[in-house]
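Asks: Quick one: this structure, given as C-alpha cells, is what I'll be asking you about.
The values are calculated or read from the model by the stated rules, or taken from the named source; none is laboratory data. Please read all numbers here as calculations on a predicted model, not as lab measurements. Neighbour counts are summed over all protein chains in view; Cβ atoms, including those assigned to glycine, are modelled from backbone coordinates with ideal geometry.
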Amino acid sequence: MNSKPLLNSDIFIYAANKNSLFYKESLKIIEEKLYTGFFVTDLNLIEIFQVITDGKKTSNPYSTQEALTYIHKLIKIPEVQILKTTPFYEVISNPDKQKELTSLNISRFGIYDYLIADCMRVNQVKKIITFNDKAFLKFNWLEVYRPTKKTISKAKKCKIIPYGHQSIDEKDVAAVCTALRSDWLTTGPKVTEFEKEFANYTGTKYAVAVSSGTAALHAAMFAIDIKPGDEVIVPAITFASTANCVVFQGGTPVFADVDPDTLLIDPVQVEAKITPRTKAIIAVDYAGQPCDYDVLRDIANKHNLTLIADACHALGGSYKGRPIGSLADLNVFSFHPVKPITTGEGGMITTNNPELSERMRIFRNHGITTDYHQREEQGSWFYEMADLGYNYRITDIQCALGLSQLKKLPFWIKRRQEIAKKYDTAFSKLPAIQPLKVKPNVSHAYHLYVICLDLNKLRVSRAEIFTRLRAKGIGVNVHYIPVHLHPFYQKKFKTQSGMCPVAETAYEEIITLPIFPKMSDEDVEKVIDAVKKIVKTSLK
C-alpha cells in the first residue's frame, strides 16, 4: 500500500480505505466535494482527516471531471489508504517540530505542506504527486513527482550546498573499524588517548570528553557548582544550550548584548549585568572568532567570577597567538558533524584546574568515582556514587574518529579561511551586504560565515533573500534566534523584546552562507554568483 504515490491536495484528495466501516460514505463525500469544487482543510468525517480541493488553486488545474477520472485511473480509489496528519495545534506546541519547521524555513502558509510531508514520513510513504512540487522538494525524505494530463515526471531536485558538512575519509573509517574490533567500545583507552591529544593540541593540562557539546556545558556548570539563586552571564546571540546549561543546574542565565560588528559578547554589557548573585561569564566564540579574552579575564578577576569559553565554533583558532581552549578557566567544545572536527556527536572541556577536571569526570559517569576501565585495571568491583551525575560518557568508537579527525584540523582550518577570503573579496563592493568584521590579533576558525543585509537598501525582506538563495541550491541558514526571545525563556524568566537591541536587530539581518572544508572552488563560486545576482536584483 505504502509504495503507491500519494496525491497532494493541490490535485484533490488522499482519502478512502475500503476496509473502513465508513468507506462507502467516505467515497461518496469525496466525489461530492470534487464535483462541487468545495475546498476545505482538516475536514473531519469519522476517518477522513485530510485536505480536499478540486485543484483550482494551482496554475494548471484539472477540471473536477478530469480530476475524478485521473484519480480513479491512477490509484484506484478503493485501494487508497487513509492517512491522518498530526493536528495543527500539536505541531505548533511541539518543540522538536518547531525546530524542524525553523530548519526547513517553513512559513505559516507552508505548515499544511509540512503536515502532509510529516504524515507521509510517519506512514513510510515516499512518493508524492503534486503540482506544488517546489514546495515539497525541501522535504528530503520524499520523492516528488509533477503530474501532467499525459505523464507523471519526477521533479528535479536542485543540489543543495549545505551551510556545513563533515569531512570523512578512509583513514577515519579505518580508525573506527579498528576501535570496533578492539576489546573496548566505551570507557576504554581511546577515550584517554583522545583526551590527552586534545589537551596537547589546545595547550592545556586536562581534557574531559563527554557525549555532546551540551553535556560539556552542563558538566562545566556542575563543576563550578551553579545552583538556584546563582546568575551566569551569557550572550543573547548563541545556540540555546549556552543558556540551557545554567537552567539545568537551577541557575539563572542573564543575557548580555553583543558587539554589532562581530556579534561577540560585549564586555561593556557584561560588566553592566554583574550583580552580587553573578557567579560566572560564558563567552561564545561566535562563528569561530574568539572573544576579547584579555578584557573578559580582567572583568572576571575584578569580580571574582569564573570565565568559561563556549568555544564550540572555534577549535583550531587562536587569540593573540594563544590557542582556543587555553583562554578561560573552562573551555567547552562540540564535535557535532558541522563543527571543526566530528565524532558524530561528542564534546570536550579543557582546563588547567585538576579539581574541576575530576569533578567533571565523576559527573559524566553518574557521579561514580571510578569507571569500569579503572576498576578492571585494579581488579576491583567496588565503586561509590559520590554525587548525582549523568551518563554523559563518550565511546571509544567516537574517540577513535576524533583522534583521526584532529590530525587534519590545521588543513581544514586553512581551507575554511581560504573560502572566507574568497567571500570577503567577492562581497567587499557589493551594496547591502556586510560580512562580520574580524578583529586584529585573532585567527578565525570560520565554523560559520555570516553576512548582514542592509535592509534599508533592499526592496525585499531577509526571508525573501533566504528563500531565493535556497531555490538556487544555496543551503543558507540563520544563526541564531536570540535566546531570550524563545518562548521558554519568556515564560520562565520573563525575558522580552528590547532587552538586547543589538542582537535583536542583527537577527533580522543575518544569513549564514555555506563554508566547510570539502567545498569545491566551483561550489564557492556558485554561492558567490547566487548572492551577487539575488542581491543586485533586489536593490531599491
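Asks: Given (1) modelled with pLDDT of 70 or more; (2) over 23 Å from the mean Cα position of the chain (by Cα); (3) surrounded by 13 or more Cβ atoms within 10 Å (Cβ to Cβ); (4) more than 23 Å from Thr467 (Cα to Cα), identify the lone condition not met by Asp133.
Replies: Of the numbered conditions (1) modelled with pLDDT of 70 or more; (2) over 23 Å from the mean Cα position of the chain (by Cα); (3) surrounded by 13 or more Cβ atoms within 10 Å (Cβ to Cβ); (4) more than 23 Å from Thr467 (Cα to Cα), the odd one out for Asp133 is (4).
Asks: Give just the number: which of (1) in contact with a strand residue (DSSP E or B) (Cβ under 9 Å, 6 or more places away or on another chain); (2) at pLDDT 80 or above does Gln81 not satisfy?
Replies: For Gln81, the exception is condition (2).
Asks: Can you confirm whether the range 326-345 contains a residue that is surrounded by fewer than 24 Cβ atoms within 10 Å (Cβ to Cβ), part of a helix (DSSP H, G or I) and touching a helix residue (DSSP H, G or I) at 6+ places or on another chain (Cβ under 8 Å)?
Replies: Checked the range 326-345: no residue is surrounded by fewer than 24 Cβ atoms within 10 Å (Cβ to Cβ), part of a helix (DSSP H, G or I) and touching a helix residue (DSSP H, G or I) at 6+ places or on another chain (Cβ under 8 Å).
Asks: Have a look at Asp261, Asp292 and point out the one that is at pLDDT 95 or above, on the phi < 0 side of the Ramachandran plot and surrounded by fewer than 19 Cβ atoms within 10 Å (Cβ to Cβ).
Replies: Values: Asp292 fails: surrounded by fewer than 19 Cβ atoms within 10 Å (Cβ to Cβ).
Step by step, each of Asp261, Asp292 is checked, and only Asp261 is at pLDDT 95 or above, on the phi < 0 side of the Ramachandran plot and surrounded by fewer than 19 Cβ atoms within 10 Å (Cβ to Cβ).
Asks: Out of the residues in the range 242-258 that are surrounded by fewer than 24 Cβ atoms within 10 Å (Cβ to Cβ) and among the small types (Gly, Ala, Ser), which is farthest from Ile281 (Cα to Cα)?
Replies: Taking the candidates together, the pick is Gly250.
Asks: Can you find a residue that is under 18 Å from Ser211 (Cα atoms), over 30 Å from the mean Cα position of the chain (by Cα), modelled with pLDDT under 95 and outside any loop (DSSP other than H, G, I, E, B) anywhere in the range 357-367? Outline the logic, then answer.
Replies: Filtering the range 357-367 down to residues under 18 Å from Ser211 (Cα atoms) leaves 357-367.
This time we only want the ones that are over 30 Å from the mean Cα position of the chain (by Cα), so: 358.
Filter again for modelled with pLDDT under 95, leaving none.
No, every residue in the range 357-367 fails to be under 18 Å from Ser211 (Cα atoms), over 30 Å from the mean Cα position of the chain (by Cα), modelled with pLDDT under 95 and outside any loop (DSSP other than H, G, I, E, B).
Asks: Regarding Ala400, is this residue among the hydrophobic types (A, V, I, L, M, F, W, C) and at pLDDT below 95? Lay out the reasoning, then the answer.
Replies: Details: among the hydrophobic types (A, V, I, L, M, F, W, C): yes; at pLDDT below 95: no.
For Ala400, the condition - among the hydrophobic types (A, V, I, L, M, F, W, C) and at pLDDT below 95 - is not met.
Asks: Specify which of the listed residues (Asp424, Asp371, Asp387) is charged (D, E, K, R) and buried (at least 18 other Cβ atoms within 10 Å of the Cβ).
Replies: Working: Asp424 fails: buried (at least 18 other Cβ atoms within 10 Å of the Cβ); Asp387 fails: buried (at least 18 other Cβ atoms within 10 Å of the Cβ).
Asp371 is the lone residue from the list that is charged (D, E, K, R) and buried (at least 18 other Cβ atoms within 10 Å of the Cβ).
Asks: Quick check: is even one residue across the range 270-292 in a strand (DSSP E or B), over 25 Å from Val442 (Cα atoms) and out of contact with any Ser or Thr (no Cβ under 8 Å at 6 or more places or on another chain)? Break it down into steps so the answer makes sense when it comes.
Replies: The initial filter retains those residues of the range 270-292 that are in a strand (DSSP E or B), namely 278-284.
Checking which are over 25 Å from Val442 (Cα atoms) leaves us with 278-279.
Of the ones still in play, those that are also out of contact with any Ser or Thr (no Cβ under 8 Å at 6 or more places or on another chain) are 278.
There is at least one residue in the range 270-292 that is in a strand (DSSP E or B), over 25 Å from Val442 (Cα atoms) and out of contact with any Ser or Thr (no Cβ under 8 Å at 6 or more places or on another chain).
Asks: If you don't mind, there's one more thing I want to ask. Could you list all residues from the range 432-455 that are without any contact (Cβ under 8 Å) to a residue 60 or more places away in the chain and not in a strand (DSSP E or B)?
Replies: Pro440, Asp454, Leu455
Asks: Moving on. Only one of these conditions is not met by Gln405: (1) buried (at least 17 other Cβ atoms within 10 Å of the Cβ); (2) in contact with a Lys or Arg (Cβ under 9 Å, 6 or more places away or on another chain). Which number is it?
Replies: (2)
Asks: Something else now. Just wondering, is there one or more residues in the range 521-540 that are more than 22 Å from Lys422 (Cβ to Cβ) and not hydroxyl-bearing (Ser, Thr, Tyr)?
Replies: Within the range 521-540, one or more residues are more than 22 Å from Lys422 (Cβ to Cβ) and not hydroxyl-bearing (Ser, Thr, Tyr).
Asks: Report, ordered by the first and then the second residue, all pairs with beta carbons closer than 9 Å, sequence separation of six or more or different chains, a first member in the range 378-401 that is without any contact (Cβ under 8 Å) to a residue 40 or more places away in the chain and more than 23 Å from Leu356 (Cα to Cα), and a second member that is surrounded by fewer than 22 Cβ atoms within 10 Å (Cβ to Cβ) and among the polar types (S, T, N, Q).
Replies: Listed by first residue and then by second, the contacts come to Gln378/Thr370; Ser380/Thr370; Ser380/Gln374; Phe382/Thr370.
Asks: Taking Ser167 as the residue in question, decide whether it is touching a residue at least 60 places away in the same chain (Cβ under 8 Å), more than 29 Å from Gln374 (Cβ to Cβ) and either over 28 Å from the mean Cα position of the chain (by Cα) or in a loop (DSSP other than H, G, I, E, B) (or both). It would help to see each step written out before you state the result.
Replies: Values: touching a residue at least 60 places away in the same chain (Cβ under 8 Å): yes; more than 29 Å from Gln374 (Cβ to Cβ): yes; either over 28 Å from the mean Cα position of the chain (by Cα) or in a loop (DSSP other than H, G, I, E, B) (or both): yes.
Spelling it out, Ser167 is indeed touching a residue at least 60 places away in the same chain (Cβ under 8 Å), more than 29 Å from Gln374 (Cβ to Cβ) and either over 28 Å from the mean Cα position of the chain (by Cα) or in a loop (DSSP other than H, G, I, E, B) (or both).
Asks: Which number in (1) within 26 Å of Asp292 (Cα to Cα); (2) not in a helix (DSSP H, G or I) marks the one condition that Lys429 misses?
Replies: (1)
Asks: Turning to a different aspect of this structure: So in the range 441-475, with the set limited to residues that are among the β-branched types (Val, Ile, Thr) and in contact with a Ser or Thr (Cβ under 6 Å, 6 or more places away or on another chain), which one is farthest from Pro337 (Cα to Cα)? Write out each step before concluding.
Replies: Filtering the range 441-475 for residues among the β-branched types (Val, Ile, Thr) gives 442, 450-451, 460, 465, 467, 474.
Right, trim to in contact with a Ser or Thr (Cβ under 6 Å, 6 or more places away or on another chain) and you get 450, 460.
Details: Val450: 19, Val460: 33 Å.
Checking each candidate, the answer is Val460.
Asks: I need the full set of residues from the range 425-477 which are farther than 13 Å from Tyr286 by Cβ, basic (Lys, Arg) and more than 18 Å from the chain's Cα centre (by Cα), in order please.
Replies: The answer is Lys429, Lys457, Arg459, Arg462, Arg468, Lys472.
Asks: A further question on this structure: Collect the residues in the range 368-386 that are out of contact with any Phe, Trp or Tyr (no Cβ under 7 Å at 6 or more places or on another chain) and not in a helix (DSSP H, G or I), keeping them in residue-number order.
Replies: Asp371, Gly379, Ser380, Trp381, Phe382, Tyr383, Glu384, Met385, Ala386
Asks: Could you tell me whether Phe488 is part of a helix (DSSP H, G or I), surrounded by 13 or more Cβ atoms within 10 Å (Cβ to Cβ) and of a type outside the set (Asp, Glu)?
Replies: Values: part of a helix (DSSP H, G or I): yes; surrounded by 13 or more Cβ atoms within 10 Å (Cβ to Cβ): yes; of a type outside the set (Asp, Glu): yes.
For Phe488, the condition - part of a helix (DSSP H, G or I), surrounded by 13 or more Cβ atoms within 10 Å (Cβ to Cβ) and of a type outside the set (Asp, Glu) - is met.
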